[in-house]
Amino acid sequence: MRFWDGYKGSSFLELLAIEHPHFEPDVRRWFDELGQLPATAHGTTCIGLRFADGALVAGDRLATMGYQVASRDIQKVYATDGYSIMAIAGAAGPAIEMARLLGIQFEHHEKIEGEPLELEGKANTLSQLIRQNLPAAMQGLVVVPIFAGFDLRRRTGRVWRYEVTGGRYEEREFDAVGSGSIFAKESLKKSFRVDATRDEAIRMALEALKDAADEDRGTGGVDLERGIYPTLKTCTVRGIESVSDEEIARAHREVLELRRRPVEA
Amino acid sequence: MAFPFYVNPEQMTQDKAEFARKGIARGKSIVTMEYAGGILMVAENPLRLQKLGEIYDRIGFAGVGKFSEFDRLRKMGIQWADVEGYRFSRDDVRAKALANFYSQALGEEFTRSNKPFEVEIVVAEVGDDGLAGNERNALYRVGFDGTIQDQEGYCTIGGSVDSLQAHLAANYRQGLSLRDALRLGRDTLQRADNGQADLAASKLEVAVLDRTRAGRHFRRIAPEEIREHLTR
């Protein structure tokens, strides 16, 4: 048993890389030997936005594999700790694993050091994970998340978007990722207000997701038949709260009432 | 050429043990006990360098002796637990396996190195009513030489363990409220040879593994809350 020569830092990711390297997939070798990857599930539209009390993150529930449905109720929005949320778009497998690793990393650091990372530090950790994923991304396993949370020191919600190289850009208003993101962003562009209340923010997000699902075949809408609703989570000074399905259903009905056109005779 | 002197292994083991015991006896003690709502850990510790720590969802750690040494053990435990939970599932991380891991590590260090660790630790695990087979709490005490004991109800580490255990044996009963358990913990610590007669709330470090919480059960109790429990 090694006492003083083991890894002593506070990073779980480094601990894995140094002490347990066999956990890391050798992505380059996969591609060298396999040539091309078999079809994998992909995630689709996720939104992150700031509002008066903090940040809100929303995502649809559909995963597709080519032209087929891989899952109707996949989770794309993850609480990575008590005050941060990650929403995933891209290859579902690596993206979900990334969210899981990120959660462990935050908890590990908090336990080792006795206090949590700054929100900025958490966002930066995700950058590094995405950068490490670049070889896989070049082969099609792209992971492009949104990261949001409540900054307890600055008392405000914050939202970041990422690019495949690990580039990290903080958004002052909102952002969306995934195949339907262009429509979601067009929708938010018109409805967004940074001083929106929680209810208004929920409404903005829901409308944006609806607009994305309307135009993009890879984005799932509200599935009334099975009772599957998009995921919405808020992060405020009180921590993370999930918006209940009942509340989403109610807001959804209101949007429908406004948009519904009469049947022509 | 110099020949190493022959040293009687029995003598060497005794010397090392005596050395470790002396080091541990210099420090303050820690009391851990089961109460109605989980497991309580109380340490006399006015400093910000903590002796109690969170290891995993249902597992807590308490260490006495040399700070650098038990804090290294605490961090090793967190590393072990997080890797185990990552490799398998969160429910697979168990205190018994962790206590064994500590026991192996300390035992080997005791035999191999010239200076044994001057530490004693407790690994506590709160039960989970929703998980069949895991309902009961567990308290493991691991000594400087790797000896491991499975304790029921309560467990003390540090100097003057005997008098503390005697006080607990006479006064502890099952199903204490948090308030009563905290008072008993404070009174017990006051009986240590190097303990203080009137331990103020500000000199206590208190944490619980709260059975009623979901997910991470470890919670530190703030000085104001300790004061409230002790005065009212």
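Identify, please: which residue in the stretch A:54-66 is touching a residue at least 60 places away in the same chain (Cβ under 8 Å) and out of contact with any Gly (no Cβ under 7 Å at 6 or more places or on another chain) and is, among those, surrounded by the fewest Cβ atoms within 10 Å (Cβ to Cβ)?
Of everything passing the filter in the stretch A:54-66, A:56 is surrounded by the fewest Cβ atoms within 10 Å (Cβ to Cβ).
Among helices (runs of 4 or more DSSP H) lying entirely in the stretch A:90-173, which contain 3 or more residues that are within 14 Å of another protein chain (Cβ to nearest Cβ)?
Correct list: A:92-113.
Return the residue satisfying two criteria in turn: it lies in the stretch A:161-180 and is without any contact (Cβ under 8 Å) to a residue 60 or more places away in the chain and either in contact with a helix residue (DSSP H, G or I) (Cβ under 6 Å, 6 or more places away or on another chain) or small (Gly, Ala, Ser) (or both), and of such residues it is surrounded by the most Cβ atoms within 10 Å (Cβ to Cβ).
If we take residues in the stretch A:161-180 being without any contact (Cβ under 8 Å) to a residue 60 or more places away in the chain and either in contact with a helix residue (DSSP H, G or I) (Cβ under 6 Å, 6 or more places away or on another chain) or small (Gly, Ala, Ser) (or both), then A:162 is surrounded by the most Cβ atoms within 10 Å (Cβ to Cβ).
Just give me the residues in the stretch A:218-237 being over 18 Å from residue A:58 (Cα atoms) and among the charged types (D, E, K, R), in sequence order.
A:225, A:226
Residues A:53, A:26, A:32, A:60: which one is touching a Cys at 6+ places or on another chain (Cβ under 8 Å) and of a type in the set (D, E, K, R)?
Within the list A:53, A:26, A:32, A:60, the selection yields A:60.
Taking the conditions exactly as written (part of a strand (DSSP E or B), touching a strand residue (DSSP E or B) at 6+ places or on another chain (Cβ under 8 Å) and within 14 Å of chain B (Cβ to nearest Cβ)), does residue A:80 satisfy them or not?
It is true that residue A:80 is part of a strand (DSSP E or B), touching a strand residue (DSSP E or B) at 6+ places or on another chain (Cβ under 8 Å) and within 14 Å of chain B (Cβ to nearest Cβ).
Could you check the stretch B:56-80 and list, in sequence order, the residues that are within 20 Å of residue B:117 (Cβ to Cβ) and among the aliphatic types (A, V, I, L, M)?
Hits for the stretch B:56-80 are B:62, B:64, B:73, B:76, B:78.
Exactly one condition in (1) within 10 Å of another protein chain (Cβ to nearest Cβ); (2) of a type in the set (A, V, I, L, M); (3) more than 30 Å from residue B:200 (Cα to Cα); (4) touching a Leu at 6+ places or on another chain (Cβ under 9 Å) is false for residue B:78; which is it?
(4)
Any idea how many residues of the stretch B:7-62 are within 14 Å of chain A (Cβ to nearest Cβ) and part of a strand (DSSP E or B)?
8
Which numbered condition in (1) touching a strand residue (DSSP E or B) at 6+ places or on another chain (Cβ under 8 Å); (2) part of a loop (DSSP other than H, G, I, E, B); (3) basic (Lys, Arg) is the only one that residue A:233 fails?
(2) is the only condition that residue A:233 fails.
Residues in the stretch B:189-232 that are part of a loop (DSSP other than H, G, I, E, B) and either closer than 23 Å to residue A:103 by Cβ or not small (Gly, Ala, Ser) (or both): how many?
The qualifying residues number 14.
What tally of residues in the stretch B:81-127 results from selecting those that are over 26 Å from residue B:13 (Cβ atoms), in contact (Cβ under 8 Å) with a residue 24 or more places away in the chain and surrounded by fewer than 22 Cβ atoms within 10 Å (Cβ to Cβ)?
Final tally of qualifying residues: 6.
State which residue pairs qualify: first residue at pLDDT 95 or above and inside the stretch B:182-208, second residue assigned to a helix (DSSP H, G or I) and small (Gly, Ala, Ser) in any location, beta carbons under 8 Å apart, and separation of 6 or more residues or different chains.
Final answer for the pair search is B:206/B:185.
Can you tell which of A:217, A:193 is more than 21 Å from residue A:159 (Cα to Cα), of a type in the set (D, E, K, R) and either modelled with pLDDT under 95 or more than 20 Å from the chain's Cα centre (by Cα) (or both)?
Residue meeting the stated conditions: A:217.
I'm trying to understand the selection: among the residues of the stretch B:101-141, which are within 14 Å of another protein chain (Cβ to nearest Cβ), in a loop (DSSP other than H, G, I, E, B) and either hydrophobic (A, V, I, L, M, F, W, C) or under 18 Å from the mean Cα position of the chain (by Cα) (or both)?
Hits for the stretch B:101-141 are B:117, B:118.
Does the stretch A:19-44 hold any residues that are more than 14 Å from chain B (Cβ to nearest Cβ) and surrounded by 13 or more Cβ atoms within 10 Å (Cβ to Cβ), and which are they?
A:27, A:30, A:31, A:37, A:40, A:41, A:42, A:43, A:44
The values are calculated or read from the model by the stated rules, or taken from the named source; none is laboratory data. This structure is a prediction, so every number in the text was calculated from the model and none was measured. Methodologically, a virtual Cβ is constructed for each residue, glycine included, from the backbone with ideal geometry; neighbour enumeration extends over all protein chains shown.
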